[in-house]
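The values are calculated or read from the model by the stated rules, or taken from the named source; none is laboratory data. Since we're looking at a predicted model, the values are computed, not measured. For neighbour counting, all protein chains shown are included, and Cβ atoms are generated from backbone atoms with ideal geometry for every residue, glycine included. In case anyone asks, the SASA skips ligands and DNA or RNA and just uses the protein heavy atoms, side chains included. Shrake-Rupley method; radii C 1.70, N 1.55, O 1.52, S 1.80 Å.
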Amino acid sequence: MQDLLTPEEQAFRDEVRAFLAEHLTPALREAGRRCSGIFAEYPQGNDWHRVLAGRGWSVPQWPVAFGGCDWTPMQHYLFAAELAAADAPPRAPMGPGMVAPVLIAFGTPAQQQRWLPGIRDGSDYWCQGYSEPGSGSDLASLQCKARRDGDHWVIDGTKIWTTHAQFANRMFCLVRTSSAGKPQTGISFLCFDIATPGITIRPIHSLSGDHELNQVFFDNVRVPLDSLIGQENQGWTIAKYLLQHERGGAYSPSLRGRWRRVAQALDAAFSGHRAAAPEAQQLRLELADLHCQLDALQALELRTLRAQAAGAERGISPSMGKLLGTELKQALTALHVRIAGNAAVPHAPLHQAGAHALALSEDGLFAISSYLNDRAASIYAGTNEVQRNIIAAHLLAG
Ligand SMILES: Cc1cc2nc3c(=O)[nH]c(=O)nc-3n(C[C@H](O)[C@H](O)[C@H](O)COP(=O)(O)OP(=O)(O)OC[C@H]3O[C@@H](n4cnc5c(N)ncnc54)[C@H](O)[C@@H]3O)c2cc1C
C-alpha cells in the first residue's frame, strides 16, 4: 500500500496518524479493541465522534456545504484504514452514513438545518426503523401505519431489530400511509424524536449476550406533519436510496485490522516448540488464504471508489462489497475461535474450573464473542441471499 501512495496521500496519512496519536486516548483504543459487536458502546463511540467533530472529521463523506471534507476516494480509504489500524471505536452509521444522505438528497432546507448539525457534532443519535416482525427481506410488506390527523401523523405498529434504539434520541422510520396499489407505492419516510409519548422500547439480547437490538412499539404516537421526508408515499424510493448507503462503504480497512489480530493470536498460540505443529501449519495456510481474499476485496473496493468519484453509478457494487466483506469477516472470526481453542485447552485445568478460577484470556473471549456476533453480518443490511439475487438479476439482465 505504502508504495502505491502519492506524496500527497502519504502526507495526508501522516496527518491522520499524528491526529490519532494525540487524540485517540488509551481508553478509547481499549473500547475499540474490546468491541466485538457492530459498533462501540454508545458512550465511547459518541465520545470519539465528538473528538473527530472538533477536527472537522466526523462526517467527511458529506458535501462540503454541510460540513463534509473535500477528500479524494483514496483519502477516505486511508482515513478508514488508519482509524481501524489504531483501534478507534467503530461508530454507528445510522446518523452520519444513513439518514444524513437522505436528508441531503430529499429533505427541505428547514429539515436539513434541524437535523444535520446534531448528527455532525454528536449531540443527536439516530436509530433505523425499517424491519418489522414478518417484514425483513420483504420490506415492502411492512404494516406499521401512519395516518394524517390535523397537523400530525399518528403512528401505530411495531419495528424490530432496532439497533441501539436504547441510546437513540431520534428515529427514521418507514410507515404505511396507503394500502392502495402495489405495496411499494404506499410507504412514507418519517423522522421524529424517540421521546415522543406512545413509543416503548423493549430490549432483545443476542446470541453473544450483547444488548444491541430492540423491538420498538408505537401506540397512537403523534409526530408533526413536517416529520415527512420527501413526498407522501415516496418512501420506497427513499428507502432504497438509503440502503445503497447502508451497504456501501469499504470493509477491507477494518478487516485488515482484524486479520492482524488473528495473526497475532496464531503466533501467540503456537509460539516456541509448538510452532511446527501440523495444526499450526494448517491454520497459517488458511490465514494466508484469507489474506489473499482481503487483498482482492481491497482492490475491488478501491476500484469502486475511483469509479464513483468519476461519476459512475453505484450499481451492484454495494451488494458485492456487502457479500464479500461479511463472508470474509465470518471466516476470520471462525478461524480466530479455532486458534483460541488451541491456546485455551492446555491452560484450562479441571481443578481451576472446579474452583471457579479458570484463567481465560481476553483474546479468547473476544474471539468467541465476535464469532457469535458476526453470525449476524450475513443477515443485517439485507441478507446475503438477497444480495446474491440482486447481483444475479443485474448480471442476467446484461
Ligand atoms: C444484528 C442485526 C442488526 C439489525 N439492525 C437493524 C436496524 O437497526 N434496523 C432495522 O430496521 N433492521 C435491522 N436489522 C434487521 C435486518 O435488516 C433483517 O434481519 C434483514 O433484513 C432480514 O430480514 P428477516 O430477519 O426478517 O429475515 P427474512 O427476510 O425472514 O429471511 C429469512 C431467510 O430467508 C431468506 N430469504 C428471504 N427472502 C429471500 C429471497 N427473495 N431469496 C432468497 N432468500 C430469501 C433470507 O436470506 C434468510 O436466510 C438488523 C438485523 C440484525 C441481525
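One equal scatterer on each Cα of the chain, no solvent, Debye formula: the resulting log10 I(q)/I(0) at q = 0.13 Å⁻¹ is -1.19. Here Cys292 sits with roughly 90 square angstrom of accessible surface, probe radius 1.4 Å. On full extension, the segment bounded by His394 and Gln264 gains 42.8 nm, given 0.36 nm per residue less the C-alpha separation.
Filter the GluC sites (Glu not before Pro) in segment 287-331 down to the DSSP loop ones having no more than 15 other Cβ atoms within 10 Å, then list what survives.
Here the sparse-neighbourhood loop sites are Glu313.
Largest accessible area first, the residues Val221, Val64 order themselves as Val64, Val221 under a 1.4 Å probe with ligands, DNA and RNA left out.
Can you give me the % of accessible surface on segment 185-246 that is carbon or sulfur? Probe 1.4 Å, all protein chains present, nothing else counted. Heavy-atom surface of segment 185-246 belonging to carbon and sulfur, 1.4 Å probe: 52 percent.
The fraction of accessible area contributed by carbon and sulfur in segment 90-173 is 53 percent, rounded to a whole number (1.4 Å probe; ligands and nucleic acids excluded). Between the listed residues Val16, Leu4, Ala31, the Cα displaced farthest toward the positive end of the dipole of segment 1-40, a dipole computed from Cβ unit charges relative to the Cα centre, is found at Ala31. Enter the Cα centre distance for the pair segment 33-50 and segment 107-130, rounded to the nearest angstrom. After rounding, the separation between the Cα centres reads 19 Å.
Using the Kirkwood radius over Cα pairs, work out the Stokes-Einstein diffusion coefficient for segment 26-109 at 4 °C and 1.567 mPa s, in µm²/s as a whole number. Please list the in-between numbers first.
On the way: Rh = 13.6 Å.
In µm²/s, the coefficient is 95.
How large is the dipole of segment 3-135 about the Cα centre if only Lys and Arg carry +1 and Asp and Glu carry -1, each at its Cβ, rounded to the nearest 20 debye? Present the calculation step by step, with values, prior to reporting the outcome.
Values: 10 positive and 15 negative charges, 68 e Å.
In debye, rounded to 20, segment 3-135 gives about 320.
In this entry, segment 128-202 is assigned a mean projected area of 5.1 nm², taken as a quarter of its C-alpha convex hull surface.
Normalised per residue, the accessible area of segment 247-398 is 53 Å², obtained with a 1.4 Å probe and no contribution from ligands, DNA or RNA. For segment 381-398, the Karplus equation 6.51 cos²θ - 1.76 cosθ + 1.60, evaluated at θ = phi - 60°, returns couplings of 6, x, 4, 5, 4, 5, 4, 4, 4, 4, 5, 5, 4, 5, 5, 5, 6, x Hz by residue, with Gly and Pro reported as x.
Here the sum of -39500 (n - 2.57) over DSSP H runs of 4 or more residues, divided by the residues of the chain, equals -16000 deg cm²/dmol at 222 nm, to the nearest 500. Surface composition of segment 1-74: carbon and sulfur make up 52 percent of the accessible area, probe 1.4 Å.
Using the 1.4 Å probe convention, the accessible area of segment 2-57 works out to 56 Å² per residue with neighbouring protein chains retained.
Could you tell me whether segment 185-339 comes out rounded, prolate or oblate from its Cα gyration tensor? Rule is a ≥ b ≥ c as square roots of the eigenvalues, rounded for a/c under 1.5, then prolate if a/b exceeds b/c, otherwise oblate. Spell out each step's value before the answer.
Working: a/c = 4.27, a/b = 1.76, b/c = 2.42.
Oblate, because a/c is 1.5 or more while a/b does not exceed b/c.
The local environment of Gly150, defined by Cβ-Cβ distances under 14 Å, has a net charge of 0 under the rule Lys, Arg +1 and Asp, Glu -1.
Within the same chain, aspartates and glutamates fewer than 8 places from Lys322 are excluded, and of the rest, those with a Cα less than 15 Å from its Cα are Glu246, Glu301, Asp374, Glu385.
Each of Ala140, Ser178, Gly150 was scored by the projection of its Cα onto the charge dipole of segment 140-182, and the greatest displacement toward the positive side belongs to Ala140; charges sit on the C-beta of Lys, Arg, Asp and Glu.
Subtracting the Cα-Cα distance of Ala312 and Leu365 from 0.36 nm times their residue separation leaves 14.8 nm of extension gain.
Per residue, how many Å² of accessible area does segment 129-206 show with a 1.4 Å probe?
Numbers: 3330 Å² over 78 residues.
Normalised by residue count, the accessible surface of segment 129-206 is 43 Å².
Only lysines eight or more places from Lys329 in sequence, or on another chain, were considered; those with a Cα closer than 26 Å are Lys240.
Placing +1 on the Cβ of every Lys and Arg and -1 on the Cβ of every Asp and Glu, with nothing else charged, gives the chain a dipole about its Cα centre of roughly 500 debye.
Any chance you could run the full-extension gain for Phe66 through Thr25? It's 0.36 nm times the residue separation minus the Cα-Cα distance, nm to one decimal.
Working: separation 41, 0.36 × 41 = 14.76 nm, distance 2.80 nm.
Residue separation times 0.36 nm, minus the Cα-Cα distance, leaves 12.0 nm.
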